[in-house]
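Report on the following structure.
The values are calculated or read from the model by the stated rules, or taken from the named source; none is laboratory data. Predicted model only: the values in this text are computed from it and were never measured. Backbone-built Cβ (ideal geometry, glycine too); neighbour counts: all protein chains shown.
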Amino acid sequence: MSGKQAYFGKVKPIDTKKQKKTLADIYGDNTNDDVEAFINNSADVDEETPKEKKSAKIKREKSERRAEKSRKAGRVVKRIIILLIIAAAAGAGVWFFLQSQSTQQDMGAVEGAATEADKIYYSRLTGNELNSEELANRPATCIMIENSPAARPQSGLKDAGIVIESLAEGGISRFMGIFQESQPQYIGPVRSVRMAYVELAKPYHCSIAHAGGATNAVNLIRNNSGFRDIDQFFNDSTYRRIRSRGSPHNLYTSFEKIDALNYKKGYRSSEFKGFARTPVNAEPEIPEKAATKIKITMSGPLYNPVYTYDKNTNKYLRAHESGGPHYDITESGVKTQHAPDVVIAMKVTAYTRATESKYSDYTTTGIGDAYIFQNGGVISARWERKDADSELRFVDTSGNDIQLNRGQTWISLYPSTGKVTWE
């Protein structure tokens, strides 16, 4: 076989003469024999038989296939790794997103709870802060409570937001306690109603708890849809007679029973504005005229109230002119002296009752004089009530509402024959 050179799978004849000459030029003529032998030997090494070529080709192809498979496997592994990384990242993203959403929801719930917890409600009746919206929207209830000596000490009256005091007949005074957020469970003695109380109760849209009453007052309540009548005569199970006192000074009730009756009758709330009150946490404004001892002459010493200002509590301790503190007593016998935050003396005009000429009623609409006692001083004021549906207002000489201290307000209606003194 002649000498040939293999390159990239093709065979090209070798120019031995030229190769010899070239090598001879480099190493000299004496090397020709050696060179020729070297060339011939090299040609023999490079030359392959057809069988050897085929075997080498098969090996190369197998090697290339293995290499290609390896490359493909590598690409697949890389893809799997990339997908796993993407999935992990996506999963982490989803997890963080869900956690973020959950956290935001939790934070929103916490903030919502905090916002709800931070809400402050105030009584329209007293101006006092309340701990729930339900208390602020409770229906108001007006309860008639007597004040004859045999009825003292009364029960539950100290928890009323507003107490209105007026003469019933024979110079004997009577109270109407207006309740909303407070719920005493021992209240009495409950007695009959009079026209002045009914008229002043109407704007509060309150249920009126009483045991009968003057003919004109009872007819007005029973025949007018603007009133909520819970008379004991028709709702006997809401009231009870106690054994420690004789009739008629022994009729009592509780808010457990009153609430049940109000609910049954559909009395779920009451719409009214209430008195103007001083700003929350405001410093007490001391009136120019001091008044620490007050007496309101309504009738005789048994019924004329006397108040002594207590600087430490900024309240007015109530007693009767005849002597002794005016107490409230619980069912278990615990006594507490009445001590309203604001005392108001409201001058009214008496007129003869049309249906019962020997009795008098009192004007509750129009304009009249009033004295407001709070913070140890007195304010000369005017009361106003435009008509039967209007709320009672206390205003200054310019007609602006006078802001009352927050808390219980005790209003005494005294006739033009009476008077108010202080020192």
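Report whether or not residue 313 is over 27 Å from residue 151 (Cα atoms), among the polar types (S, T, N, Q) and at pLDDT 95 or above. Please lay out each step first, then the result.
Values: over 27 Å from residue 151 (Cα atoms): yes; among the polar types (S, T, N, Q): yes; at pLDDT 95 or above: yes.
For residue 313, the condition - over 27 Å from residue 151 (Cα atoms), among the polar types (S, T, N, Q) and at pLDDT 95 or above - is met.
Which numbered condition trips up residue 258, out of (1) part of a helix (DSSP H, G or I); (2) surrounded by fewer than 18 Cβ atoms within 10 Å (Cβ to Cβ); (3) in contact (Cβ under 8 Å) with a residue 12 or more places away in the chain?
Residue 258 satisfies all of (1) part of a helix (DSSP H, G or I); (2) surrounded by fewer than 18 Cβ atoms within 10 Å (Cβ to Cβ); (3) in contact (Cβ under 8 Å) with a residue 12 or more places away in the chain except (2).
For the range 280-305, which positions are in a loop (DSSP other than H, G, I, E, B) and either modelled with pLDDT of 95 or more or surrounded by 12 or more Cβ atoms within 10 Å (Cβ to Cβ) (or both)? Break it down into steps so the answer makes sense when it comes.
Of all residues in the range 280-305, those in a loop (DSSP other than H, G, I, E, B) come to 280-288, 291-292, 298-304.
Matches in the range 280-305: 284, 285, 287, 291, 292, 298, 299, 300, 301, 302, 303, 304.
Just one of (1) loosely packed, with under 14 Cβ neighbours inside 10 Å; (2) in contact (Cβ under 8 Å) with a residue 40 or more places away in the chain; (3) outside any loop (DSSP other than H, G, I, E, B) trips up residue 246, so point out which.
The single condition residue 246 does not satisfy is (3).
Looking only at the range 192-203, count every residue that is touching a residue at least 60 places away in the same chain (Cβ under 8 Å) and under 37 Å from the mean Cα position of the chain (by Cα) and tell me the total. Break it down stepwise before answering.
Our first condition is that a residue be touching a residue at least 60 places away in the same chain (Cβ under 8 Å); within the range 192-203, this holds for 194-196, 199-200, 202-203.
Next, from what is left, pick out any that are under 37 Å from the mean Cα position of the chain (by Cα): 196, 199-200, 202-203.
Here the count works out to 5.
Residues in the range 268-279: is at least one in a helix (DSSP H, G or I) and either in the same structural domain as residue 201 (by TED's automatic domain parsing) or of a type in the set (Phe, Trp, Tyr) (or both)? Working first, answer last.
The first filter runs over the range 268-279 and keeps only residues in a helix (DSSP H, G or I), leaving none.
The answer is no; no qualifying residue exists.
Can you tell me which of (1) among the polar types (S, T, N, Q); (2) buried (at least 23 other Cβ atoms within 10 Å of the Cβ); (3) at pLDDT below 95 is the one residue 224 doesn't meet?
Residue 224 satisfies every listed condition except (2).
Can you tell me how many residues in the range 201-219 are of a type in the set (A, V, I, L, M, F, W, C) and buried (at least 23 other Cβ atoms within 10 Å of the Cβ)? Before you say what the answer is, go through the steps one by one.
Going residue by residue through the range 201-219, those that are of a type in the set (A, V, I, L, M, F, W, C) are 201, 206, 208-209, 211, 214, 217-218.
Now restrict to residues that are buried (at least 23 other Cβ atoms within 10 Å of the Cβ): 201, 206, 208-209, 217.
Going through the range 201-219 one residue at a time, the tally reaches 5.
Residues in the range 306-316: is at least one surrounded by 14 or more Cβ atoms within 10 Å (Cβ to Cβ) and at positive phi?
Checked against the condition, which is being surrounded by 14 or more Cβ atoms within 10 Å (Cβ to Cβ) and at positive phi, the range 306-316 yields at least one hit.
Are there strands (runs of 3 or more DSSP E) fully within the range 352-391 with at least 1 residues that are touching a helix residue (DSSP H, G or I) at 6+ places or on another chain (Cβ under 7 Å)? List them.
Output list reads 360-362.
Which of the residues belonging to the range 204-227 are in contact (Cβ under 8 Å) with a residue 40 or more places away in the chain and closer than 14 Å to residue 141 by Cβ?
The answer is 204, 205, 206, 207, 208, 209, 210.
Check off (1) without any contact (Cβ under 8 Å) to a residue 60 or more places away in the chain; (2) crowded, with 21+ Cβ neighbours inside 10 Å; (3) over 17 Å from residue 417 (Cα atoms); (4) small (Gly, Ala, Ser) for residue 332 and give me the number that stays unchecked.
(2)
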